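For reference, the structure discussed in these notes is given below.
The values are calculated or read from the model by the stated rules, or taken from the named source; none is laboratory data. Computed from a prediction, not measured in an experiment: that's the story for all the values here. Here the Cβ is made from the backbone with ideal geometry for all residues, glycine too, and neighbour counts use every protein chain on show. All accessible areas refer to the heavy atoms of the entire protein, side chains included, with ligands and DNA or RNA removed. Shrake-Rupley method; radii C 1.70, N 1.55, O 1.52, S 1.80 Å.
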Amino acid sequence: MSLCSSRWRYGFAVGALLWATGCAQQQRVRDEAQALLRDGRYENAAAVLQEGLARHPESASLRSGLLSARNEALARLLVEATTARAAGRLDDAVAVLQRARAFDTTGRRVLELLQELDVERRQRSALAEAEMLVAAGKVDEATRQVTQALRDNPRQPDLLALQRQLELKRRQARHAAGVGRLAESRPISLDFRDANLRQVLELVTRHSGVNFIFDKDVATDIRVTTNLRSIRVQDAIDLLAATHRLATKVIDPQTVLIYPNTPEKQREHQEQVLRVFYLASADAKGAAAFLRSMLRLRDPFVDERANMLALRESADTIELAERLIALYDTQEPEVLLELEVIEVRSSRLTDLGIRFPDTIGLTPLPPAGAAGLTLGNLRGIGEDRVGVSVAGLLLSLRREVGDFNTLANPRIRARNREKASVLIGDKVPIVTATTGQGGFVSDSVNYLDVGLKLAIEPTVYADDEVGIRVNLEVSSLGREVRTSSGSLAFQVGTRNTSTALRLRDGETQLLAGLISREERTNSNRVPGLGDLPVAGRLFSSQRDETQRTELVLAITPRIIRNVRKPDASETELWVGTEAATRLRPWGAQLPPTDGAPPSAGNTGDRLGSAPMATWNAGPVASPAADSAPRLTARWQGPSSVRVGETFEALLELDSSAGLRGLPMQLRLPAENIEVLAVEEGEYFRRDGQPTSFTQAKEAGGLQVGILRNQAEPARGRATVLRLKLKARKAGAAELAVASMAPVVLGGPVPSFLVPAPLNIFVRE
């Protein structure tokens with residue numbers, strides 16, 4: 001019996017040892033896998049768990065650990081792929097998803113994302129081709145390219161934005177073609193003094209074939225004095241009508257209606273266009289107020305439910321309204337605020353010394369056998385019937401050090417000028433008792449917020465800066481306070497700060513200095529002896545306690561979406577006169593004549609003392625070819641740089657024409673050259689003139705706009721743009737100007753070609 005018992009004990013011990021060893025090995029495998037997961041080595045973590053499961057196939061902990069590791073790896077890789085996709089790094093996103101396929105048990109989720117990336121890659125390629133077609137003036141081909149690309153994903157935002165721009169251009173082109181233009185485009189010269197308007201126009205009809213219809217309210221005795229040279233027929237008619245408070249309407253390419261320029265006649269003769277605007281970001285009521293203040297129009301219809309407004313105005317007014325709505329209806333800026341709140345508390349406690357007895361107690365004792373003290377047995381009290389109590393001698397050797405960090409790290413995504421708040425703490429109930437008639441008692445509970453309360457209001461500016469109003473309050477619960485009526489209240493300690501900041505995108509600002517410091521010293525001394533200068537420490541005990549608390553707030557704004565700052569060519573519109581509002585070319589210049597010259601010149605009959613109407617035998621006279629305005633641009637920069645080197649590229653401009661501004665689009669090699677800064681040159685800033693300089697990043701390029709604030713031209717040769725660049729990767733790179741649109745003052749637009757690209761070779 002004893003032998004069997006000993007064998008059983010031995011077997012049990014061996015089994016327990018093996019079980020404990022197996023558990024330790026399994027835990028070690030899980031710890032190693034967790035360390036690999038933290039380092040981002042997901043495949044190695046899964047391999048370690050699979051090897052451990054092969055050695056211990058019955059282990060439920062390893063099996064569950066493998067499943068959780070796969071799920072965690074898949075989730076992290078999907079987040080990494082999404083981040084790379086949002087940043088435009090599609091190749092990196094595809095590589096990450098290829099890693100994630102090993103952890104996707106169904107395979108559908110990763111496969112769908114890969115298909116979406118393939119579609120997005122094709123759409124981005126189609127977008128680049130469409131933008132090149134637009135730059136080349138092939139609007140119809142670009143429209144077909146965008147329409148074909150949107151079939152794969154109808155919600156691609158960049159393609160939709162380009163499609164809207166192309167539709168707007170085509171509609172404006174149709175409007176320009178539909179707006180009455182006379183077929184006669186030859187230039188005319190008119191020289192009349194005190195001639196009748198109807199006779200002047202009759203002479204124009206005789207030589208041009210343009211017919212005129214007069215409203216019944218047009219006066220018949222209007223006299224005209226004019227001296228015009230080489231001007232379009234339609235422009236001449238418009239000038240004659242405008243100077244005599246008349247308006248014109250082209251019925252067909254050879255017929256013009258002339259009527260008084262009064263509101264009643266405008267309503268009678270002017271064609272109306274009905275246009276409905278569905279706003280994406282702006283408020284419809286605000287847009288209606290904006291249009292009413294800029295244009296003379298009827299009250300628009302506003303539907304707040306659909307965020308829509310409708311106009312019924314002339315075609316010229318509708319065209320202006322479209323341009324203004326495009327500037328007004330911009331995306332609402334958003335910012336991600338990374339907050340870090342740290343409360344640092346430190347405490348120091350020192351209790352040193354000898355604590356002597358400070359009290360002696362004498363207690364009378366009853367005699368033996370008595371139940372207690374009486375007046376009778378008090379007479380016999382002596383030394384044996386008096387009890388003495390003396391506190392013991394206490395030596396204090398105590399030192400305490402405490403450091404505490406309370407950390408909160410919230411991230412808040414907020415819209416522009418919208419308040420956001422964070423509360424990290426507790427809601428403490430405050431009970432109030434109310435006694436009514438008849439002794440009825442009712443309790444009411446109110447909640448008090450105690451903890452960390454943070455209120456912020458960001459304002460996003462167009463120059464990638466964020467203004468932030470911050471209100472921070474940190475409260476802590478103190479002792480209870482109970483009133484005479486039984487109500488319960490609390491003493492609350494509070495520290496708060498309020499400030500306004502303006503930070504750049506990604507800049508971190510620390511707010512500190514909310515410090516509370518409390519020092520206490522308590523000493524227990526023997527009278528007389530404890531007050532001695534040095535030896536007094538032997539007859540005293542001292543307790544020193546210090547507590548220090550500091551509150552630190554770190555705030556970092558990350559702009560997610562900012563308002564696009566339009567360039568100068570978009571924000572400055574020439575709209576004619578107040579009486580005749582319509583979209584005009586830059587500087588209100590009339591377009592050059594482009595009609596074919598007639599076969600022979602004609603001379604009109606003479607009217608009045610010295611009237612004359614002549615048709616030019618050719619186009620409008622222009623200066624000689626050698627004196628024609630010219631504009632040239634060229635790049636200046638190194639032909640080769642090393643990886644990691646910082647360098648500059650300059651764009652020089654040489655123009656004999658008077659320029660006020662220059663919007664342009666640049667193509668930049670983002671794959672191997674990083675743009676550190678884009679600065680305006682001195683071309684438009686010469687003579688101390690202030691300018692407006694704008695820049696906007698886009699896929700594969702940069703939009704730049706420069707405009708002099710005052711309408712004074714700039715000429716000559718100087719640097720117009722300065723780029724600070726850094727070489728990132730070896731290979732060939734090319735800086736190029738995709739398009740230029742010079743803004744000219746006081747003359748025709750000069751002929752020009754975009755400068756040749758600057759080719760840079762980045763070497764190791």
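With the other protein chains left in place, how much accessible area per residue, in square angstrom, belongs to segment 110-247 at a 1.4 angstrom probe? Please list the in-between numbers first.
Working: 7620 Å² over 138 residues.
Per-residue accessible area for segment 110-247 comes out at 55 Å².
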Of the accessible area of segment 630-764, computed with a 1.4 Å probe and all protein chains kept, carbon and sulfur make up a percent value of 49 percent
From Cα pairs below 8 angstrom and at least 6 apart in sequence, can you work out the relative contact order of segment 206-320, rounded to a whole percent? 22 percent
Can you give me the accessible area per residue for segment 320-425, using a 1.4 Å probe, in Å²? 67 Å²
Between the residues LEU551, GLY530, SER476, the Cα farthest towards the positive end of the dipole of segment 461-556, that dipole coming from +1 and -1 charges on the beta-carbon of Lys, Arg, Asp and Glu, is from GLY530
Rolling a 1.4 angstrom probe over the protein heavy atoms, how many square angstrom per residue are accessible across segment 683-725? 47 Å²
Accessible carbon and sulfur surface of segment 286-389 relative to its total accessible area, %, 1.4 Å: 53 percent
A correct Karplus calculation of ³J(HN,Hα) over segment 465-480, with 6.51 cos²θ - 1.76 cosθ + 1.60, θ = phi - 60°, whole Hz and x for Gly and Pro, returns 10, 10, x, 10, 9, 10, 10, 10, 9, 10, 10, 9, 7, x, 6, 7
3J(HN,Hα) from dihedral phi, segment 186-193, Karplus parametrisation 6.51/-1.76/1.60, rounded to Hz, x for glycine, proline: 5, x, 10, 10, 10, 9, 10, 10
Taking amide H positions as placed 1.01 Å from N in the peptide plane, with prolines and chain starts having none, which residues 5 or more places from VAL492, or on another chain, fall under 5 Å of its amide H? GLY478
Hey, can you grab everything whose amide H is under 5 Å from the amide H of LEU337? Only 5+ residues off in sequence or another chain; H modelled, so Pro and N-termini drop out. ILE412, ARG413, ALA414, ARG558
Within segment 29-170, what whole-number % of the accessible surface is contributed by carbon and sulfur, with the 1.4 Å probe and all protein chains included in the calculation? 49 percent
Quick check: net charge around ASP654, other residues with Cβ under 15 Å of its Cβ, Lys/Arg +1 and Asp/Glu -1? +3
Size of charge dipole - segment 313-361 - debye, nearest 20, with Cβ of Lys, Arg +1 and Asp, Glu -1, no other charges: 940 debye
